[in-house]
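The values are calculated or read from the model by the stated rules, or taken from the named source; none is laboratory data. Because the structure is a prediction, the values reported are computed rather than measured. Here the Cβ positions follow ideal geometry from the backbone for every residue, glycine too, while neighbour counts run over all protein chains shown.
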Amino acid sequence: MSFHTAARLLLRQGLLLSCFTLWAGLALFRPLAHAATHVPGRFVTDYFHFHWNMWWIRHAITTPDLSIYETNYVLTPFTSNLAYHTLTPFWFPLWAALEPVTGSPAAFDVIFLAGLALTGWCFYLWMRQEGVEPGFALVGAVAFELAPVMLYFVYWSNIGLLGWFWIPAHIVLWAQVADRAAHRWQGWLLAAAQGILLWAMGLVDLQYFIYATPLLIPFGVLTLVRAEGWPNRARLAGMGTLALAICAALLWVAGPLATINDFDRDALVPPDIETTPAVAFPRDYVNLNPDFPVDPDVGVYLLPLFLLSLAVYGTPLRKHTWHNQDRRWFWLALAVVPWVLSLGASITVLGQEIQLPFRLLFDAFDGILRFPMRFSPIFIMPVIIFIALTWQPLLTARGLRLAVLAGLLLVVPATTNVLHPMDVRAVPPVYDFYETMGAEDYDYAVIEVPVAAGTGEQWYGDFADIETQYYGTVHGKRMVNGIIARAPLDYYWYIYDSDPLLAWLGQRKLLEPAVVEQTLRERISGWPIGYIVVHQDRIGLDSPTNQEIIGYFNSLPDLLCPFAVDGPAVAFRTTWHPDGCPPRTPPETQPGVYRIDIGNADDVRYLGAGWHWPEQVFDISLRWSGHQPQATLYVDLPPGVYTVTINAQAYATERQLQLLVNDIPVGDPVTVPTDPLTPLTFDVPADAIGSGQYVTFTLAYDGRISPAEAEGSGDQRQLALFVDWIEFARQ
């Protein structure tokens, strides 16, 4: 091949790849428009653990004594085997090159573009190899690239399912190996290259070897049958063996195969086979724009065009000569197996349930293959080839052919959700204290509240709460929350209701103060735990659980201290932490005067039990007390004599208020009026303040009542006083 010929070939293929990239960009225009801050999704998808995967690979290869395929950084303290996890190291080099400059969300958008564009391009090459003319091949490749099931994988940020391009690529490459088998060194060289690329396919996901089997193995057999003479067949078989051997060796040395030996599949708890997501027939073939992405179809154009192609073959039009007719039927025959597998465990026909072969595959792999719908790309490709090879000899008139192809290029985006803007949602806000954790050179665990964890099969807690795994890419520490695909149930089931600490923090178990305290003492030093982060917005800003958790944590100064408050997130540092605890001193508004603005976001540093959630009344931030018979505050102050002023108002009826300092009454009880807000003053002697460390102030009121009782409203909260601010003035 001359230089000019090679240059023209590269230019042509580059233009084709650019074309498929533009089509992918059309489908992804909304994520691309929010590339720096958003990810695809109307709700919380799987995106967070794929972003964490990329971070983990970088962390593992840059940190001594860590293995890529083993980690205790999620579902800590257990060490998970990642051999079957959706780690997708194939995409890591692209992510690693982009992420430091663009951030992880934008780097993933580039991966989405690359996955779709390569899928279209490689399928185009396969169609051209099968004798499909360029126009038909272009339309068919675009149709597959933008198939709803492909955009479904993007929507879920599942980059492990953006490697379908490898299957047509390997078919095209093996055809080249077969053509050059007689030219020994060329054939062997291409076979070695195929082995390396098979390894690359395995680094996307090992399941591709299963998905590819219905197409690659029969095609390999076909090339053997068509090879001329036994010497050529033996040579071709040897080349195939070489490719497989290279692939297996690379997957063992630089892949998950060695780790698979240590994986105990008996410890897995697969889902009920009847719940595995399948492609429903005929619903998902005729349903235009379903509730995407909950129920993606395979493309409503596919079934009508396929039936028309079959009908045309049985009409007088059959007199036309079809090119590659045997290959056309060969590929259609191979589409049957993946199509049947995509239907799932069973179908119901005329009220009769029919068991399907997917059950055998599900049982053979102990439930690891739990998405039969993922076989749909494997039958869509050969069906498109069948359709293209059927119609291209019929559409010989240039004008008619161009009109039909142009019409199909309009039909494809109109029927595959391409023109519907893909939903996007903002990634969780990265709080400053996570950056602080990431800069700390200590090995510890971070507990994210609410606590939730699981695998792709099942999880405990709200799935949206597992999203806090995303923060692991920032703080880089071990954590309980998160997903490890195909992890043993024992690694996370205990958090559901048997663990007094984590089940309580996941709102699945009531607080048992003494038991939780003992568990905290053991784990803070044993795991160790560096921080516990309470996400009040995930718990519910108007939920009493927030105040229960924060008040309880504030009551354990020898274990925890409020380190930072950033919006709705409160980071408690443990006393294990080498950097110690910051003082809990309120802001000094003037010399010697310290004020807590009750209802302000920062007041959680000081709150104990007895408080309801914060409220805003006009320009006043406040909280109601009355959740408990008393309301407490914890404050660090310089030693001395103080005047404590509480700006408060009683609900429904006047209340008597007594202030206790370290459980000792100070001054006389005062009357709190129902209107207006009234400053109430107490003199506190120096001996009550003592050293000033962790001083407990208790508001002891003489009663409380709910609005339901007082006014007949639906508010069942017990209310005593609402408090605007508390001031500590040193005398």
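Might you check whether a residue that is of a type in the set (S, T, N, Q), touching a Pro at 6+ places or on another chain (Cβ under 6 Å) and either in a loop (DSSP other than H, G, I, E, B) or within 20 Å of Pro587 (Cβ to Cβ) (or both) occurs anywhere in the stretch 646-655?
First pass over the stretch 646-655, keeping only residues of a type in the set (S, T, N, Q): 647, 649, 653.
Next cut, touching a Pro at 6+ places or on another chain (Cβ under 6 Å) only: 647.
Then keep just the ones that are either in a loop (DSSP other than H, G, I, E, B) or within 20 Å of Pro587 (Cβ to Cβ) (or both); that gives 647.
Yes, the stretch 646-655 has at least one match.
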Q.
I'm trying to understand the selection: among the residues of the stretch 672-690, which are in a loop (DSSP other than H, G, I, E, B) and of a type in the set (S, T, N, Q)?
A. Thr674
**Q.** Among (1) crowded, with 18+ Cβ neighbours inside 10 Å; (2) modelled with pLDDT under 95; (3) outside any helix (DSSP H, G or I); (4) not acidic (Asp, Glu) - the single one Ala182 does not satisfy
**A.** (1)
Q. For the stretch 258-282, which residues satisfy the criterion of being part of a helix (DSSP H, G or I), modelled with pLDDT of 85 or more and surrounded by fewer than 16 Cβ atoms within 10 Å (Cβ to Cβ)?
A. Ala258, Glu274, Thr275
(Q) I'd like to check something: does the stretch 483-494 contain any residue that is touching a residue at least 24 places away in the same chain (Cβ under 8 Å), closer than 30 Å to Arg623 by Cβ and among the aromatic types (Phe, Trp, Tyr)? (A) no
Q: Scan the stretch 436-468 for residues that are assigned to a helix (DSSP H, G or I) and either under 19 Å from Ala503 (Cβ atoms) or in the same structural domain as Pro271 (by TED's automatic domain parsing) (or both) and report the count.
A: 5
Q. Quick check: is even one residue across the stretch 530-545 touching a strand residue (DSSP E or B) at 6+ places or on another chain (Cβ under 9 Å), basic (Lys, Arg) and at pLDDT 95 or above?
A. yes
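When you scan the stretch 488-514, how many residues do you find that are of a type outside the set (A, V, I, L, M, F, W, C), surrounded by fewer than 17 Cβ atoms within 10 Å (Cβ to Cβ) and in a loop (DSSP other than H, G, I, E, B)?
At the first step, the residues of the stretch 488-514 found to be of a type outside the set (A, V, I, L, M, F, W, C) are 488, 490-492, 494, 496-500, 506-509, 512-513.
In the following step, the residues that additionally are surrounded by fewer than 17 Cβ atoms within 10 Å (Cβ to Cβ) were identified as 490, 494, 497-498, 512-513.
In the following step, the residues that additionally are in a loop (DSSP other than H, G, I, E, B) were identified as 497-498, 512.
Total meeting the criteria: 3.
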Q) Which of the residues spanning the stretch 220-257 are part of a helix (DSSP H, G or I), small (Gly, Ala, Ser) and either touching a Lys or Arg at 6+ places or on another chain (Cβ under 8 Å) or farther than 11 Å from Ala178 by Cα (or both)? A) Gly229, Ala234, Gly238, Ala243, Ala245, Ala248, Ala249
Q) Somewhere in the stretch 60-71, is a residue surrounded by 16 or more Cβ atoms within 10 Å (Cβ to Cβ), at pLDDT 95 or above and in a loop (DSSP other than H, G, I, E, B)? A) yes
(Q) Checking the conditions here, which among Gly195, Gly140 is over 24 Å from Ile385 (Cβ atoms), part of a helix (DSSP H, G or I) and small (Gly, Ala, Ser)? (A) Gly195
Q. Within the stretch 231-253, is even one residue surrounded by 18 or more Cβ atoms within 10 Å (Cβ to Cβ) and polar (S, T, N, Q)?
A. no
Q) Within the stretch 358-369, can one find any residue that is of a type outside the set (Lys, Arg), modelled with pLDDT of 95 or more and surrounded by 17 or more Cβ atoms within 10 Å (Cβ to Cβ)? A) yes
Q. Are any of the residues in the stretch 72-92 more than 22 Å from Tyr155 (Cα to Cα) and not in a loop (DSSP other than H, G, I, E, B)?
A. yes
**Q.** Qualifying residues in the stretch 451-469 (those that are buried (at least 24 other Cβ atoms within 10 Å of the Cβ) and out of contact with any strand residue (DSSP E or B) (no Cβ under 7 Å at 6 or more places or on another chain)) - the one farthest from Ile549 (Cα to Cα)
**A.** Glu467
Q) Name the residues in the stretch 669-698 that are surrounded by 14 or more Cβ atoms within 10 Å (Cβ to Cβ), of a type in the set (Gly, Ala, Ser) and in contact (Cβ under 8 Å) with a residue 40 or more places away in the chain, would you? A) Gly692
